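Just below is one structure, and these are the notes that go with it.
Each reported figure results from applying straightforward, stated rules to the coordinates on display, with no laboratory input. None of the values given here were measured: they were computed from a predicted structure. All Cβ positions, even for glycine, are placed from backbone atoms using ideal geometry, and neighbour counts span all protein chains on display.
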Amino acid sequence: MTQSVQNTSAVLLHFMLTLEDGSVAESTRERGKPALFRLGDESLSPALEQQLLGLRRGDKHRFTLPPESAFGPSNPDLIQFFLRRDFAETGVPDVGTIMLFSGVAGNDMPGVIRDVAEESITVDFNHPLAGHHVSFDVEVMDIDPVAQEVERANLTG
């Protein structure tokens, strides 16, 4: 059984993400369900993984990452301008609305409506937390929960 978070661990976490102004961007406790991440699968930034290494079940840890280590810097190339007529079928969205757009490769890309002007609509395809320093409050609920269940089954089976 794994005692602490390692480079390839699956980690069940409760977390809260807080922005510079103190606002909560996301909280698994609010949703009532922890999140499962696997280190080493590139779903987390290397800096975030580094903060989790060595933590044990029940550990709580608070840290802040700069934009380049969290969700990346805001990229101005990912801000696009559309004509209002491009929204003829869906209707003109409100500022702050998150919409799915079809990408060049046919994949869906979420975009946040940043501005609605007389002639154009500005859509930001950056991650909503890009460009922000993000504080993480994490609590390790379990480490390798699936592997432990398999291990227990093998021991008792």
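Debye-formula intensities of the chain, expressed as log10 I(q)/I(0) at q = 0.19 Å⁻¹, are -1.17 (one equal scatterer per alpha-carbon, no solvent).
Relative to the dominant Cα principal axis of the chain, helix 145-156 is inclined by about 30°. Report summary: the helix-based calculation at 222 nm, which adds -39500 (n - 2.57) for every DSSP H run with n ≥ 4 and divides by the residues of the chain, gives -4000 deg cm²/dmol.
Applying 1/(1 + (r/R0)^6) with r as the Cβ-Cβ distance of ASP21 and GLU42 and R0 = 25 angstrom yields a FRET efficiency of 0.25. The distance between label points at ARG62 and LEU78 comes to 2.8 nm (points 7 Å beyond Cα on the Cα→Cβ vector).
Highest mean first, the peptides 115-125, 96-106 sorted by other C-beta atoms within 10 Å per residue fall in the order 115-125, 96-106. Extension gain, SER120 to SER102, is 4.6 nm, computed as 0.36 nm per intervening residue step minus the present C-alpha separation. Fraction of C-alpha pairs exceeding 14 angstrom in segment 76-124: 49 percent, rounded to a whole number.
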